[in-house]
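Presented below is the structure to which this report refers.
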Amino acid sequence: KQWYQRRVAITAGDQESNMEWLALFRSSMMSFVKALDNMPVLNYGGEQTTTTFLKVPTSHDGEFDVPVEVYTPKELENDTKKAAYIYAHGGGAIAFSAADLRKGVQCIAVEMNVVAFNVDYRLAPETKCPNNIKDFYEVIKYVSKNAESFGVDPSKIFIAGESGGGYICLGAMVLLAQNGEGHLVKLAIPGVPMVDDYCFSDPLAMTVEERKAHLFMQKVWKDLIASDFEQQKTDPHLFPGKASEELLEKFPPTIILEAEFDYYITEATRLASRLRRAGRLLEFVVFPGANHMSSYMPGSKGNTEFVDTMKTIVKEYVH
């Protein structure tokens, strides 16, 4: 793709080239979203859910109301004890919006039989770490505090996110742990998540997929997400995989979903091992033969396996 092949822009690091590269990346990603929107297989989600909108007031980065789209399966509208799925969309934390991926989240809400809160957290570089993860964290707290008004059982709130959204989810888990609030979340499901700074290590030791993506990820972390990369190198808000053992012990119960040929398989595996030792890992699921984008293609084997896995997880651990 054009944005990926622009090696000069990837390595330059100056503001002008960063923004040029970002515009190309976002444009490329929107082409993908438009293709998804035209797939009739996703229409049933909107047909079988009621969509409402809310704004969660925050003050950690100026006065800002975080937009949230809420999808309630029509058969659950009179249920006062619904399970709540709070979701952070993918896109490297630098692209997409909640609305862009609306159809897929509506469908998964129907499949899991839960009310879904699709969080439109602010993107980098316009909003830097830690304010991006704080947007998501504040929505978690808001839903928990106002569970009764949403017809939600506060003991059945679970959070998730994929790729960049997996990072947002993990970052919020760090905040919950730091504030002694891990109990607010019954389960966390970061999927194919951006975890730490493994991309800055020696590419010779990386998998083929990691090696191909490592320059891209260096730019995302250093030039776009971090507010001060040198100061934040050891900060678990930027790199959740660097959370201390004491913090990990305070995480919500966690299931990590990964793909065998994902860009982030090594860093996710390392975090899974640490969470297991800390007593917080319920499952580490690796989809054989899958890559980073496998679960996003409606009707594909990868998507079917992902949806079936999420349904099983919710049945066994949430409902």
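The values are calculated or read from the model by the stated rules, or taken from the named source; none is laboratory data. These numbers were taken from a predicted model, which means no experiment stands behind them. Using ideal geometry, Cβ is built from the backbone for each residue, glycine included, and neighbour counts are taken over all protein chains shown. Remember, those area values only see protein heavy atoms, side chains included, never the ligands or the DNA or RNA. Shrake-Rupley method; radii C 1.70, N 1.55, O 1.52, S 1.80 Å.
Which loop GluC sites (Glu not before Pro) in region 61-152, with loop taken from DSSP, have no more than 16 other Cβ atoms within 10 angstrom of their Cβ? Working shown, then result.
Numbers: sites: E63, E69, E75, E77, E111, E126, E138, E148; in loops: E63, E77, E126.
Hits after loop and neighbour filter: E63, E77, E126.
Ratio of Rg to Rh for region 14-116, alpha carbon only, Kirkwood?
Expressed as Rg/Rh, it is 1.05.
Checking the cross-link filter: which lysines have an alpha carbon closer than 22 Å to that of K186, excluding same-chain neighbours under 8 positions apart?
Cross-link targets: K81, K82, K134, K141, K145, K156, K250, K311, K315.
³J(HN,Hα) across region 138-149 via Karplus (A = 6.51, B = -1.76, C = 1.60, θ = phi - 60°), whole Hz, x for Gly/Pro?
Whole-Hz 3J(HN,Hα) from phi for region 138-149: 5, 5, 4, 5, 5, 5, 4, 5, 10, 3, 4, 5.
Using a probe radius of 1.4 Å on heavy atoms only, what accessible surface per residue do you get for the chain? Whole Å² is fine.
Value for the chain: 42 Å² per residue.
Tell me, what % of the accessible area of region 58-164 is carbon and sulfur with a 1.4 angstrom probe? Numbers along the way, then the final one.
Values: 1500 of 3510 Å².
Whole-percent figure for carbon plus sulfur exposure: 43.
Using r as the Cβ-Cβ distance of K212 and K233, and R0 as 30 Å, what FRET efficiency do you calculate, to the nearest 0.05?
My answer for the efficiency is 0.80.
Each residue of region 274-291 in order: what ³J(HN,Hα) in whole Hz does its phi give by Karplus 6.51 cos²θ - 1.76 cosθ + 1.60, θ = phi - 60°, with x for Gly and Pro?
Karplus values, whole Hz, x for Gly and Pro: 5, 5, 4, 4, 7, x, 10, 8, 8, 8, 10, 9, 10, 7, x, x, 8, 10.
Which value, in Å³ per residue, describes the convex hull spanned by the Cα atoms of the chain?
124 Å³
I need the calculated FRET efficiency for the pair E316 and S244, taking r as the beta carbon distance and R₀ as 22 Å, to the nearest 0.05.
0.15
What whole number of Å gives the distance from the Cα centroid of region 220-271 to the Cα centroid of region 83-117?
Taking the Cα centre of region 220-271 as reference, the centre of region 83-117 is 21 Å away.
Using amide H atoms built 1.01 Å from N in the peptide plane, name the residues 5+ places from G161, or on other chains, whose amide H lies under 5 Å from its own.
Hits under the 5 Å cutoff: A88, I189, G191.
If R0 is 51 Å, what FRET efficiency do you get for F200 and K145 from their C-beta distance, rounded to 0.05?
Working from the Cβ atoms, E equals 0.85.
With a 1.4 Å probe and all protein chains left in place, how much of the accessible area of region 194-307 comes from carbon and sulfur atoms, in whole percent?
On region 194-307, the fraction of accessible area on carbon and sulfur atoms equals 53 percent.
Place the peptides 160-167, 32-39, 21-28 in order of packing, highest mean first, counting for every residue the other Cβ atoms within 10 Å and averaging per peptide.
160-167, 21-28, 32-39
Give me the percent of DSSP beta bridges within the chain that run antiparallel, rounded to the nearest 5.
Restricted to the chain, the bridges split so that about 35 percent are antiparallel.
Show me, for region 19-32, the HN-Hα J-couplings you get by feeding each phi into the Karplus relation (A = 6.51, B = -1.76, C = 1.60, θ = phi - 60°), rounded to Hz, glycine and proline as x.
Values, residue by residue: 6, 5, 4, 4, 4, 5, 4, 4, 4, 4, 5, 5, 4, 5 Hz.
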